[in-house]
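Quick note: the coordinates plus some simple rules give every number you see, no bench work behind them. Here the structure is a predicted model, which is why all the values come from computation and not from measurement. Cβ placement follows ideal geometry from the backbone for every residue including glycine, while neighbour counts extend to all protein chains displayed.
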Amino acid sequence: MKTDRLIGILSVLLQEEKTTAPELAEKFEVSRRTINRDIEDLCKAGIPVRTIQGTGGGIRIMDGYRMDRTILTSKEMQGTLAGLRSLDSVSGSRYYSRLMEKLQTGSSEFVSGRDSMLIDLSSWYKGSLAPKIEMIQDAIENRRLLDFRYYAPSGESARTIEPYYVVFKWTSWYVWAWCRKRKDFRLFKLNRMDQLSVSGETFVCREVPMPDLSNEKIFPGGIRVKVLFAPDVKWRLVEEFGPHCFTEADDGRLLFQADYTDMENLLTWILTFGENAEVLEPAEVRERICRIADAVRKIYRRK
């Protein structure tokens with residue numbers, strides 16, 4: 001959030017001859033003290049910002065200093081704006097929209113015509129995800145511990161973490177953090193976190209390795225599955241795994257083979273196909289599905 005605000009302040013200073021701390025504080029919805037710290041950080045970064053006290057004073061960039069925006073082509077600017085819109089779709093505020101408007105100001109020669117790229121990272125859980133993301137971002141910026149209850153396949157537990165990154169991978173949001181319970185870095189899925197709260201206790205930033213976001217890490221294999229699907233569900237296989245994930249069997253059914261993540265997720269997925277799927281391997285999956293089918297049959301045969 002702080003980095004985004006610094007970019008926004010710099011954009012305002014480049015486009016306006018002069019502004020004031022109260023004006024910036026109102027625009028970015030922070031205190032004047034925060035704006036003053038931001039101006040100091042810009043100066044430390046080598047941006048020649050001048051502050052003039054008294055009547056007619058204000059904040060401005062020294063004459064002669066300009067950023068050459070021609071380094072961004074139209075295609076690059078479109079990609080930048082699309083990325084900002086995607087963040088705004090889950091931020092729970094209009095912060096990125098306002099930043100986007102500032103970037104667009106004075107750049108009409110580089111951004112012309114209709115937008116060709118729209119990205120929406122929100123989900124069915126936007127109402128619950130947006131507040132979590134905002135809370136985690138604030139905790140990262142202020143180096144505050146986070147407390148929550150976590151629900152995992154192995155069970156539920158209370159966790160306290162030192163948060164470092166908010167991560168979006170495939171269709172899910174995670175936080176990369178040091179877990180004080182496990183004494184190691186972990187990826188926590190936001191949808192599995194409940195009763196999230198920011199602690200009053202701060203932490204000292206560690207040497208943080210980048211999270212391993214490979215499919216093997218987030219979706220570990222281990223279960224080699226072989227399934228025959230009815231041709232009627234070909235569209236689902238193509239949508240979820242691509243057009244080359246199956247071969248056509250002699251009877252017209254589709255033979256699907258893959259390494260799946262874990263038993264419970266595999267069973268849930270297979271059962272959504274109903275009678276349109278037949279598991280060939282492994283035998284354990286066939287047996288589990290038979291037991292589930294028997295249990296469901298008993299429920300619906302009760303009078």
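Can you sort M135, M263, M210 from fewest to most other Cβ atoms within 10 Å of each residue's own Cβ?
By the 10 Å Cβ count, ascending, the order reads M210, M263, M135.
Exposure proxy check: Y300, Y150 ranked by fewest other beta carbons within 10 Å?
Y300, Y150
Test of understanding: ordering T171, T160, T202 by Cβ neighbours within 10 Å, fewest first, what list do you get?
Ascending number of Cβ neighbours within 10 Å: T171, T202, T160.
For a quick size check, give me the Cα extents of the range 127-203 along its three principal axes, largest first, whole Å.
Principal extents (largest minus smallest coordinate, Cα): 29, 25, 20 Å.
On a 31 Å Cα-Cα criterion, which of the cross-link pairs K18/K169; K169/K226; K132/K298; K183/K226; K181/K298 come out too long?
Where the Cα-Cα span goes over 31 Å, the pairs concerned are K18/K169; K132/K298; K183/K226; K181/K298.
Using only the Cα atoms of the range 159-303, what do you get for the radius of gyration and for Dmax, in Å?
So, for the range 159-303, Rg and Dmax equal 20.4, 65 Å respectively.
Considering amide H positions built from the backbone, and no H for Pro or chain starts, which residues 5 or more places from L280, or on another chain, come under 5 Å of its amide H?
K226, V227, L228
Radius of gyration and Dmax for the range 218-301's Cα atoms, expressed in Å?
For the range 218-301, the Cα-based Rg and Dmax read 13.2, 41 Å.
If I model a spin label at D194 and A283 as a point 7 Å from the Cα along the Cα→Cβ vector, what separation in nanometres do I get?
According to this spin-label approximation, the distance is 3.9 nm.
What is the local net charge at V198, summed over the other residues whose Cβ is closer than 9 Å to its Cβ (Lys, Arg +1; Asp, Glu -1)?
-1
Name the aspartates and glutamates eligible as straight-distance cross-link partners of K27: C-alpha to C-alpha under 15 Å, and not fewer than 8 places from it in the same chain.
Cα-Cα hits under 15 Å: D4, E16, D38, E101.
For every other residue with a beta carbon closer than 15 angstrom to the beta carbon of L237, add +1 if it is Lys or Arg and -1 if Asp or Glu, then tell me the sum.
Within the 15 Å Cβ shell, the charges total -1.
Per 5 Å bin, what is the whole-percent P(r) computed from every C-alpha pair distance within the range 2-61?
Final binned percentages: 4, 19, 35, 30, 11, 2, 0.
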